[in-house]
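S.K.: Here it is: the structure, laid out below.
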Amino acid sequence: MEFTRTFEPGTIETRWYDHWVRLGVFTARPGSPRPPFSMVIPPPNITGRLHMGHALNNTLQDILARWRRMKGEDVLWLPGTDHAGIATQMVVDRQIASEGSSREALGRDAFVERVWRWREDYGRAIIGQLKRLGCSCDWTRERFTMDPGLSRAVREAFVRLHEAGLIYRDKFIVNWCPRCRTAISDLEVIPQETHGHLYTLRYPLATGGGGIEVATTRPETMLGDTGVAVHPEDERYRDLVGRFVVLPLVGRQLPIVADPFVEREFGTGAVKITPAHDANDFEVARRTGLQPLVVMDEQGRMNENVPEPYRGLDRFEARRRVVEDLTAGGYLVSVKDHLHNVGHCQRCNTVVEPYLSTQWFVRVRVLADEAMRAVADGRVRFVPSHWVNSYNEWMGKIHDWCVSRQLWWGHQIPAWHCDQCGEIHVARSAPAACRRCGAAAPRQDPDVLDTWFSSGLWPFSTLGWPDETPDLKRYYPTSVLVTGFDILFFWVCRMIMLGLHFMKDVPFHQAYITGLVRDAEGHKMSKTRGNVIDPLDLIERHGADALRFTLAAMATPGSDLPLSEERMVGYRAFANKIWNAARFVLLNLKDGDAPKVVRIRERSTLRLEDRWILSRLQHLAAAVDENLKEFRFDETANALYQFLWHEYCDWYLEMAKPRLLPGTDPEEGARARAVLVHVLDSVLRLLHPVMPFLTEELWQRLPHEGETIALAAYPSNDPAWVDEAAEHEMETLMEVVIKVRNIRAELNIDPARRLPLRYVAREPGARATIAANTAVIATLARLESVEESGSPAPGPSTRAVASGVDLAVPLAGVVDIQTERRRLGREIEKLSKESESHARKLQSPEFLSKARPEVVERSRRIHQELLEKIGRLTRTVESLG
Ligand SMILES: [Zn+2]
Ligand SMILES: [Zn+2]
C-alpha cells in the first residue's frame with residue numbers, strides 16, 4: 001500500500017464508509033446479548049440541506065454511537081427524515097408556480113402525488129450528506145414520517161387521544177398566516193419590534209351625548225367589534241354597564257359589558273371587544289355572551305361582514321381607509337407613535353392574524369404535568385441542566401395545542417364528517433356510512449396534522465409502535481437524545497408528553513442540548529448576513545474528520561461555537577501529524593514484526609519512556625471515558641490532541657528514534673517498535689469515534705485482527721500500566737530538555753550546534769533520573785556532554801533552574817557574550833515599550849468601557865505574555881554574568 005506524504009481525506013472517505021455498510025457495522029441486533037444503547041436522530045426535513053447545526057449534532061451523536069459500539073454495546077442509531085408539511089408544500093408550490101400552474105389548478109390528489117415525486121427526486125439529499133459526515137446510522141431502519149407504518153402510528157395516536165378525551169374540535173382564535181393560509185402554532189410566530197401607532201377612538205353612546213374612548217393598534221378590527229368592556233368595579237363606568245354605544249362607520253349598537261380582565265389603569269379603562277380577531281377578546285366574549293364576528297377572509301381581506309366600501313380590501317389598506325373615515329367623522333381622538341411587538345410568520349414573515357376558526361386541539365395540561373414530573377424526578381435528565389428552567393417555564397404555562405393545519409401535504413386528520421347530519425367520526429379508517437343518520441361515505445376532514453404531531457411520536461413510532469415489536473421492547477426508552485435548543489419546545493417537550501402517555505415511559509433518559517454554531521466573530525449565521533459556513537464545503541476542502549474534530553473540540557456544554565476555518569485548518573494539520581507519525585512507525589516495522597509486535601514483552605525490560613507513555617495512555621483512556629459519559633466532547637478532543645501531538649509525537653517518537661537505528665541492540669529496537677505500535681493502535685481506537693476515516697485507514701495498515709476498527713475493542717484504563725514513578729521521572733527529564741531548548745532559543749544558538757550541559761542536582765531523585773537517561777537527554781536537547789558538577793563552569797555560562805536540579809550551559813566559544821547581551825538588551829527594551837502601551841490602555845477607563853470584552857481580554861493576555869517574556873530575557877541577561 002502506498003503511503004503518501006500528506007493525508008488526503010478525499011480519497012479514503014467513501015471507500016471506508018462503503019466498507020462499514022457492507023460489513024453491517026451500523027446494524028443493530030435486538031437478539032444480541034450485548035447491552036442496548038439507542039438514539040433516534042432528530043429527523044431533518046426532506047427539504048433540508050446539511051447545515052452547521054446538523055453537522056454539530058450528528059457529529060456528537062456519531063461519537064456516542066461509535067464509542068458505545070466499540071465498548072461492546074448493541075447500538076441502534078435510528079435515522080430518518082421529516083415530511084415538513086408547510087416547508088415542503090411551499091417548495092413544491094413554488095415549483096408548480098414556475099411552470100405557470102397552481103396547487104388549486106392541480107387539485108389535491110395530483111398535488112400530493114407531485115410532492116411524493118419531489119421527495120423521491122430530492123427528499124433524500126440530506127441522507128447522502130449525513131453519510132459524507134460519517135454518521136453510523138442503522139440505514140436498514142431508516143424511517144420517514146409519512147411511511148405507511150408511521151402514518152398508521154399517527155392515526156392510532158390521534159384516535160386514542162380522542163378516545164381519552166384529550167383531543168377536541170372547537171372554534172377558537174388561532175395564529176393565522178394569511179399568506180400560507182393555515183393556522184400555525186404559537187412557536188411559529190416570531191415577535192418583531194415594530195414602530196406602529198396607538199389610535200384612540202370615541203364611540204358615542206346610543207342615547208346620544210359623550211361616549212366612551214377606546215384604544216387600539218389595529219383600527220381596522222373595529223369593523224368586527226361587538227361590544228365594549230370595562231372593569232366591574234370601575235366607578236367611572238358603573239352607570240354605563242348594560243347600555244350601548246354606536247360603532248362608528250358601521251352603525252351597529254354595541255353593549256357595554258363588565259369583565260374583570262379589563263385593566264382599569266390602562267388607557268381609558270374601557271376596551272373595544274373584537275372576539276373573532278383577538279384571543280383575549282374572544283375569552284371576554286365567551287364570558288359575557290358577546291357574539292364573534294369574523295370580518296376577514298383567509299387571505300386577510302375584509303369580507304362581506306363589513307360595510308360595502310371596505311369589502312375586499314387587504315387588512316392594511318382597510319386600516320388606512322378606516323383611519324381616514326374615522327378622522328373625517330370626528331371619531332379619532334388621538335394618534336400616538338407606539339413601539340410594540342407584532343407577530344410574524346416564521347415561514348414567510350407575514351404579519352400573523354389572530355383568527356377565529358374551527359380547529360382540532362390536544363388538551364395538553366395533564367400531559368404537561370406528567371412530563372414536568374418526569375424531569376423533576378430525574379427520569380429525563382437535561383444536559384446542561386439549566387435547560388430544565390426553560391422547560392418548566394414553558395410547560396407550566398402551555399396552552400392547548402392546535403394540531404390542525406390547512407395544508408394538503410401531511411397526515412390528513414382521521415376524522416370523517418357527515419354532510420347530512422353533521423356527525424363527526426374519529427376513526428382508524430374511513431367509515432362506510434354515517435353512524436347517526438346512515439348517509440353514505442362521510443367526507444374526510446380536509447386538514448392535516450401539525451408536522452410536530454408525527455415527530456412527537458418519533459422515538460416509538462419508528463420502532464414499530466403500536467405493535468409490540470422486538471425493536472420497541474429493546475430500544476425504548478432510548479438512551480440519549482442530542483438536539484439543538486431551537487426545537488426544545490417544538491419537539492423535545494412533545495416527545496416527553498406523548499412518550500409518557502402512549503408508552504408509559506420517557507422517550508429518552510438524557511437529552512443533551514447543543515450550543516449554536518456561530519461565525520468566527522460570534523455572530524449568528526444567516527443568509528442575510530452572508531456569513532453562512534457550509535459544512536459540505538468544509539468537508540470538501542479539509543475532510544470530514546477535520547470538521548468533526550473541530551466541532552467536537554468546540555462543543556463545550558452550554559456554550560455556543562464560534563467556528564473559524566483557521567481552527568479547522570489547525571485540526572487538519574493534526575490529522576496530518578497523526579498520518580505522518582503512523583507513516584514513520586510503519587516504515588520502521590520489520591517483516592517479522594507483525595502481528596506479534598503488538599504484544600509488549602517483559603515489563604522489567606522496558607525503558608523509562610516506554611513505561612511513561614504506557615502510563616499516560618491509561619490516563620488518556622480514563623479521561624476519554626469519563627468525559628464522554630458527561631458529554632464533554634471538547635475535553636475528549638483536547639485530551640486526544642494533547643496526547644497524540646505532544647506526548648506521543650513530540651516526546652515518545654523522538655525518544656524512540658535512536659533505538660530504531662541500525663547497529664543498536666535488536667532487542668531494544670523490537671521493544672521500541674512494540675510500544676510504538678501498541679500505543680498508536682490504542683490511540684487510534686480512542687480517536688476513532690471523533691475521526692473515523694483517518695483512524696480506519698491507519699488501523700488497516702497496522703498489524704491488526706478483525707475487519708474494521710469500528711468494531712475493535714475500545715481501550716479501557718488498565719491500572720496495572722499506570723506508573724506514577726515513571727511519570728514523575730519523565731517530567732524531570734522533559735523539564736531539563738525544555739530548559740535547554742529555551743536557552744538555545746533566547747540566545748539564538750544554531751540548532752545544529754551541540755552544547756555542553758553541567759548540572760547540580762538538589763534532589764537525589766533528579767540526579768538518578770538524569771544519570772540514567774544521559775543519552776536520551778543529550779539526543780533531545782542536542783548536547784555534546786552532560787556532566788554533574790559541584791562547581792560552576794569556568795568562564796561565562798547561562799543558567800536555568802528545573803525542579804530538583806540547577807542547570808548551566810557554558811558559553812565560551814558558543815556565543816559572543818557582549819553581542820548577545822546588547823541584542824537581548826534591545827529586545828527587552830522593545831518588548832517593554834509594547835508592554836507599557838498595553839498597560840496604559842488597560843488603565844484607561846475609556847478603553848475599558850468602550851472596547852468589546854474580547855478585545856480587552858486579548859490586550860490583557862498579551863500584556864501578561866509580554867511581562868513573562870521580559871522576565872525570562874532579563875534572567876538570561878543576568879545569567880550571562
Ligand atoms: Zn406564512
Ligand atoms: Zn349523518
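Where a number appears in this text, it was derived from the coordinates with a stated rule and is not lab data. Remember, predicted model here, so these are calculated numbers, not experimental data. Here Cβ is always computed from backbone atoms with ideal geometry, including for glycine, and neighbour counts include all displayed protein chains.
S.K.: So if I place +1 on the C-beta of Lys and Arg and -1 on the C-beta of Asp and Glu, and nothing else carries charge, what would the dipole magnitude of region 693-763 be about its Cα centre? I want it in debye, nearest 20.
M.R.: In total the dipole reaches around 780 debye.
S.K.: Right, another one. Would you mind working out the magnitude of the charge dipole of the chain relative to its Cα centre, with +1 at each Lys and Arg C-beta and -1 at each Asp and Glu C-beta, to the nearest 20 Debye?
M.R.: Its charge dipole is roughly 640 debye.
S.K.: I need to check one value: relative contact order of the chain, counting alpha carbon pairs closer than 8 Å and at least 6 residues apart, in percent.
M.R.: Reported relative contact order: 12 percent.
S.K.: Then there's this: Mind listing which GluC sites (Glu not before Pro) in region 254-286 are in a DSSP loop and have 11 or fewer other Cβ atoms within 10 Å?
M.R.: Here the sparse-neighbourhood loop sites are GLU263, GLU265.
S.K.: Note down the nm distance, to one decimal, between modelled labels 7 Å out along Cα→Cβ at SER844 and at SER101.
M.R.: Inter-label distance under the simple model: 6.8 nm.
S.K.: May I ask you to sort ASP505, ASP147 by Cβ crowding, counting other Cβ atoms within 10 Å and putting the fewest first?
M.R.: ASP505, ASP147
S.K.: Label 7 Å along Cα→Cβ of ILE190; region 336-367 residues with amide nitrogen under 18 Å?
M.R.: Correct set: 340-353.
S.K.: Sticking with this structure for a sec: Taking the chain on its own, what percent of its Cα-Cα pair distances exceed 53 Å?
M.R.: 35
S.K.: Determine, for each peptide in 576-583, 296-303, the mean count of other beta carbons within 10 angstrom over its residues, then list the peptides with the highest first.
M.R.: Sorting 576-583, 296-303 by mean packing, highest first, produces 576-583, 296-303.
S.K.: What is the local net charge at VAL75, summed over the other residues whose Cβ is closer than 14 Å to its Cβ (Lys, Arg +1; Asp, Glu -1)?
M.R.: It works out to a net charge of +3.
S.K.: State the answer as a single residue: which of LEU694, HIS619, ALA206 lies farthest towards the positive end of the charge dipole of the chain, with beta carbon charges of +1 for Lys and Arg and -1 for Asp and Glu, about the Cα centre.
M.R.: Positive-most Cα among the choices belongs to LEU694.
S.K.: Of the cross-linked pairs LYS71/LYS504; LYS577/LYS657; LYS830/LYS869; LYS71/LYS629; LYS473/LYS504; LYS336/LYS397, which ones have a Cα-Cα span greater than 21 Å in the structure shown?
M.R.: LYS71/LYS504; LYS336/LYS397
S.K.: Highest mean first, what order results for 398-404, 676-682 on Cβ atoms within 10 Å?
M.R.: Answer by packing, highest mean first, reads 676-682, 398-404.
S.K.: Could you give the distance between the Cα centres of region 195-256 and region 497-575, to the whole Å?
M.R.: 54
S.K.: A further question follows. Under 18 Å from the 7 Å Cα→Cβ point of LEU516, by amide nitrogen: which residues of region 525-551?
M.R.: Within reach of a label on LEU516, which here means backbone N under 18 Å from a point 7 Å along Cα→Cβ, region 525-551 contributes 525-535.
S.K.: Treating the beta-carbon of each Lys and Arg as +1 and of each Asp and Glu as -1, no other charges, what is the dipole magnitude of region 443-503 about its Cα centre, to the nearest 20 debye?
M.R.: Using only the charged Cβ atoms, the result is roughly 160 debye.
S.K.: Along the charge dipole of region 258-300, Cβ charges K/R +1 and D/E -1, which of LEU290, ALA258, ALA279 sits furthest on the positive end?
M.R.: ALA258
S.K.: Now, a different point. Give the residue list of chymotrypsin sites (Phe, Trp or Tyr not before Pro) in region 408-442 that are DSSP loop and have at most 16 other beta-carbon atoms within 10 angstrom.
M.R.: Here no loop site has a sparse enough neighbourhood.
S.K.: Run the simple label-point estimate for LYS397 and ALA812 please: 7 Å along Cα→C-beta, distance reported in nm.
M.R.: 8.4
S.K.: Now for a separate question. Per residue of the chain, what 222 nm ellipticity follows from adding -39500 (n - 2.57) for every DSSP H run with n ≥ 4, rounded to the nearest 500?
M.R.: Helix contribution divided over all residues of the chain: -13500 deg cm²/dmol.
S.K.: Sorting check: for 691-701, 856-866, which peptide has the highest mean count of neighbouring beta carbons within 10 Å, and how do the rest follow?
M.R.: Taking the mean over residues of other Cβ atoms within 10 Å, the ranking is 691-701, 856-866.
S.K.: In addition: Using alpha-carbon positions, what is the distance between the centroids of region 461-491 and region 695-750, in Å?
M.R.: Region 461-491 and region 695-750 have Cα centres separated by 41 Å.
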